[in-house]
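Before any comments, here is the structure.
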Amino acid sequence: MSSVPPAGAADGGGAAGGSTSPRPEAVEQGRPGVPPRLAAYRVTIDNLDAALVHLLAERFRCTQQVGVLKAELDLPPSDPAREERQVARLRSLAADSGLDPIFAESFFSFIVDEVIRHHEAIRDELTDR
């Protein structure tokens, strides 16, 4: 019978704060019955997913500051002309990278919609003060 070591056991990390949930980057480590090559691909995918989450978090930290600045300068939460330029740029980057440009545009639109929602909330909060 195979047992899976606790998260962090292999690198001496251990679980912080007594938590027993696995580290996010280790979800596929030691899974019985998973072919090694598939497990290797999954580890790569998991690492890329973690990088995307971190990049999105950093992006939203920056756009929050943009939202504050726009509110202070009484600028609108959205900038359709910039968004249009960004869509064209990202579609081109996607095509050059072998990614479906329509998917890239949809993904970007989803993010922009959330950013605009944040900017509106920031504006409303600063207006209420």
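The values are calculated or read from the model by the stated rules, or taken from the named source; none is laboratory data. Keep in mind it's a predicted model, so treat the numbers as computed, not measured. Virtual Cβ from ideal backbone geometry, glycine too; neighbours counted across all protein chains shown. These area figures cover heavy atoms from the full protein model, side chains too; ligands, DNA and RNA do not enter into them. Shrake-Rupley method; radii C 1.70, N 1.55, O 1.52, S 1.80 Å.
Observations on the model:
- Stretchable slack from R85 to V66, in nm (0.36 nm times residue separation minus alpha-carbon distance): 5.1 nm
- Local electrostatic count at A71 - Lys and Arg +1, Asp and Glu -1, tallied over other residues with Cβ under 12 Å: -3
- Shape of the stretch 54-129, Cα gyration tensor, a/c cut at 1.5: prolate
- Fully extended contour minus Cα-Cα distance, from A50 to E105, at 0.36 nm per residue: 17.7 nm
- Formal net charge of residues neighbouring R91 (Cβ-Cβ distance under 12 Å; K, R +1; D, E -1): -2
- Packing-based order for 52-61, 111-120, using average beta carbon neighbours within 10 Å, highest first: 111-120, 52-61
- Among S106, S78, S97, the order of accessible area from largest down is S97, S106, S78, computed with a 1.4 Å probe on protein heavy atoms.
- For R123, neighbours were defined as the other residues whose beta-carbon sits under 14 Å from its Cβ, and their charges (Lys and Arg +1, Asp and Glu -1) total -4.
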